[in-house]
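Novice: Can you keep this structure in mind? I'll have questions shortly.
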Amino acid sequence: MVSTKNKITFNSFFAGIGGFDLALESEGFHSKFFCEKNDFCRQILTSHWPNHKYSDDITTIDLNEIPQADVWCGGFPCQDVSVARGNKGRDGLKGKNSGLFFPFAELIKEKKPKTLLIENVTGLLSSHNGQDFRIILETLSGMGYSVAWRVMNSRYFGAPQSRPRVFICAVLNNSNIALSSLYEKKKGSKPANQRKGFLTPYKCEESGATVAEVSYCLAATSGRHTGTDWSRTYVSYDAEVRRLTPLECEGLQGFPEGWTSITCPKSDKELDLDAQRYQALGNAVAVPVVKWIAKRLKKELEKNKVNSLKSEDKILSNFEDFKDSSRRHMKLSELHLPTNTDDSKLKWQTGGIVIGDECWDVKAPEAPSQPIHTKLIDVIQKDYPSDKYFISSNAAVGIIRRVVSQNRTLFGPMQKALENLIESKNVA
């Protein structure tokens, strides 16, 4: 399959700011090519990989432009499958963004890379009543791939934010590699009292900043100032509250400090680089999770073994997570709706595998057998950042009003800081 004398190669699609690329390279993979449409993200990529071949549009790319590689990775756009949109405007794979899965699949069909690594939001499992995920499984399985998936939360893999995402590993005619890349032989951990991480305060002695142990999920909109959004992570002081800085967001996602800090040419209107950095980081993949997968994938690929001739049940029996009582066995072909409607709900569980027409899914834990815990305070800047990151007293009033109207409870130090901020400015 892969010669141990040569580095395992990969191509990156929907590359963003290079989360997959950075993680895979750190585990010894060799990057050959990337495809990314966003201008700002592409400038970040070319600043870190200046000599790489690349394309800026997956819909017009020439097959001859794509070099041969052992692994193809990427996360096709999530906007149309994200539950953050609600049911209105959630177009799924029919949308212009998430629908880019189909040209990606056409390229896969033509080039047939050995392994695929794909990441997306957990809403992919429920989009169009689960039919969109069925289409993805059916498409890849129909090309000869064994397709494993698992929801994994970055807070248990070394990134201090709660960021559950579905990861897919598909391998041509090899279910063991697909499974072994996402699952251990041991059962995944189910950490108790997960909410405690959002309530336990940690203080930076140098700056006086206080944050919870774990951040909420970083979003592409995290850089916006708003007086009503209380459900994001803030940094609190005695009588001040601010949003996370781009440097801190880089740390939350596992990128090196300054990864997105690039010099862009000026246009007629001065670019708001902070806004672009926030958006790019909010859309990025969490590097520590990909590193965990990459380490396992590399080990399996270097074994250079063909797929076992054991029955599917015997292969699954090697993984404790697939012995769970929640395990279901289905025929993928029987889940297809002849009328092509979305009336029937498919409730996909958080982990599973498709081998040919056979499909198994389980309630897979979001954490590995030995979770890797880190703290938000460790990525908080020790110095005092620019005033532009701090919220106004009017915004503080807006946050508290919304919290009260929704009968919610704020993180204790933040509640106190907002009240002190309002009092110091005498805002009614």
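Novice: Among the residues of the stretch 73-91, is there at least one that is of a type in the set (A, V, I, L, M, F, W, C), at pLDDT 95 or above and outside any helix (DSSP H, G or I)?
Specialist: For the stretch 73-91, residues of a type in the set (A, V, I, L, M, F, W, C), at pLDDT 95 or above and outside any helix (DSSP H, G or I): present.
Novice: Okay, moving on. Are any residues in the stretch 356-397 assigned to a helix (DSSP H, G or I) and under 30 Å from ASN426 (Cα atoms), and if so, which ones?
Specialist: The answer is ASP387, LYS388, TYR389, SER393, ASN394, ALA395, ALA396, VAL397.
Novice: Test each condition in (1) closer than 15 Å to CYS73 by Cβ; (2) assigned to a strand (DSSP E or B); (3) touching a helix residue (DSSP H, G or I) at 6+ places or on another chain (Cβ under 8 Å); (4) not small (Gly, Ala, Ser) for ILE118 and report the one that comes out false.
Specialist: (3)
Novice: Look at GLN349 and say whether it is buried (at least 17 other Cβ atoms within 10 Å of the Cβ), in contact with a strand residue (DSSP E or B) (Cβ under 8 Å, 6 or more places away or on another chain) and modelled with pLDDT of 95 or more.
Specialist: Yes: the conditions hold for GLN349.
Novice: Which one of ILE58, ILE17, ILE44 is in the same structural domain as LYS109 (by TED's automatic domain parsing), closer than 23 Å to TRP149 by Cβ, among the β-branched types (Val, Ile, Thr) and at pLDDT 90 or above?
Specialist: None of the other options fit; the residue is ILE58.
Novice: If I filter the stretch 128-154 down to residues being of a type outside the set (A, V, I, L, M) and touching a Lys or Arg at 6+ places or on another chain (Cβ under 7 Å), which single residue comes out as farthest from ILE315 (Cα to Cα)?
Specialist: ASN129
Novice: Can you work out which of the residues in the stretch 381-418 that are among the β-branched types (Val, Ile, Thr) and under 13 Å from VAL241 (Cα atoms) is surrounded by the most Cβ atoms within 10 Å (Cβ to Cβ)?
Specialist: ILE399
Novice: Does any residue in the stretch 404-428 that is aromatic (Phe, Trp, Tyr) come within less than 7 Å, Cβ to Cβ, of a residue that is surrounded by fewer than 15 Cβ atoms within 10 Å (Cβ to Cβ) and not in a helix (DSSP H, G or I) six or more places away or on a different chain, and which pairs are these?
Specialist: Close Cβ pairs satisfying both conditions: PHE411/LEU199.
So that you can scan it fast, the table gives a plain yes or no per residue for (1) under 20 Å from SER369 (Cβ atoms); (2) in contact with a strand residue (DSSP E or B) (Cβ under 6 Å, 6 or more places away or on another chain); (3) hydroxyl-bearing (Ser, Thr, Tyr):
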| site | (1), (2), (3) |
| --- | --- |
| VAL147 | no, yes, no |
| ARG150 | yes, yes, no |
| GLN161 | no, yes, no |
| ALA219 | no, no, no |
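Novice: Same structure again: Take PHE29 and decide whether it is touching a residue at least 60 places away in the same chain (Cβ under 8 Å), touching a strand residue (DSSP E or B) at 6+ places or on another chain (Cβ under 8 Å) and over 25 Å from LEU124 (Cα atoms).
Specialist: Judged against the criteria, PHE29 is a match.
Novice: Inspect all residues belonging to the stretch 268-278 and state whether any of them is modelled with pLDDT of 95 or more, of a type in the set (Asp, Glu) and either farther than 27 Å from SER369 by Cα or part of a helix (DSSP H, G or I) (or both).
Specialist: No, that holds for no residue.
Novice: Still on this structure: Just to be sure before I move on: is SER146 assigned to a helix (DSSP H, G or I), in the same structural domain as PHE322 (by TED's automatic domain parsing), farther than 23 Å from CYS35 by Cα and at pLDDT 95 or above in the structure I sent?
Specialist: no
The values are calculated or read from the model by the stated rules, or taken from the named source; none is laboratory data. Because the structure is predicted, anything quoted here is derived from the model rather than measured. A quick note on method: Cβ atoms are made from the backbone with ideal geometry, for glycine too, and the neighbour counts reach across all protein chains shown.
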